[in-house]
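Throughout, read-outs are computed from the coordinates displayed, never taken from laboratory work. Treat the numbers as computed from the prediction; the structure is a model and nothing was measured. Here the Cβ is made from the backbone with ideal geometry for all residues, glycine too, and neighbour counts use every protein chain on show.
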């Protein structure tokens, strides 16, 4: 599956007192890129919820390589690392649009729950959704 990168132009409100992007915003950018990824594979968060599933974050981490400043535009690539129908692990790479310099890397882990908040296997309960996530994996 050929997915496009997500682009984010930094905003002034995202900066801190040191005039760089505050570290908490990178986690938000991961979420923006993840939402875009899900839309691209054909299963947005809204569609997931319409079908009775939610996709909570179990863990998220970021490793900051270089500062991003107000006015910069970053490109965020989202990649499925592992997916087994119950859990989904994603990897994020943030690069400067102009220089391609690596700025940040990160990971998030998610699971799939039904409306009652119980874990579900998409492979068994929603094979058409399972196939979309499965097809989005590299290799």
Among the residues listed as 85, 106, 117, the single one being in contact with a helix residue (DSSP H, G or I) (Cβ under 9 Å, 6 or more places away or on another chain) and on the phi > 0 side of the Ramachandran plot: 85
Count of the stretch 102-128 residues which are out of contact with any strand residue (DSSP E or B) (no Cβ under 9 Å at 6 or more places or on another chain), closer than 10 Å to residue 86 by Cβ and assigned to a loop (DSSP other than H, G, I, E, B): 1
Scope the stretch 71-105; condition under 14 Å from residue 23 (Cα atoms) and either without any contact (Cβ under 8 Å) to a residue 40 or more places away in the chain or loosely packed, with under 13 Cβ neighbours inside 10 Å (or both); matching residues: 103
Residue under evaluation residue 68, criteria (1) surrounded by 14 or more Cβ atoms within 10 Å (Cβ to Cβ); (2) farther than 26 Å from residue 16 by Cβ, criterion not met: (2)
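Let's see how each residue does on (1) part of a helix (DSSP H, G or I); (2) within 19 Å of residue 73 (Cβ to Cβ):
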site: 4; (1), (2): no, yes
site: 7; (1), (2): no, yes
site: 18; (1), (2): no, no
site: 25; (1), (2): yes, yes
site: 30; (1), (2): yes, yes
Those residues of the stretch 129-139 which are in contact (Cβ under 8 Å) with a residue 24 or more places away in the chain and part of a helix (DSSP H, G or I), in sequence order: 129, 130, 132, 133, 134, 135
Index of the failed condition, residue 52 passing every other in (1) out of contact with any strand residue (DSSP E or B) (no Cβ under 7 Å at 6 or more places or on another chain); (2) touching a residue at least 40 places away in the same chain (Cβ under 8 Å); (3) surrounded by 15 or more Cβ atoms within 10 Å (Cβ to Cβ): (3)
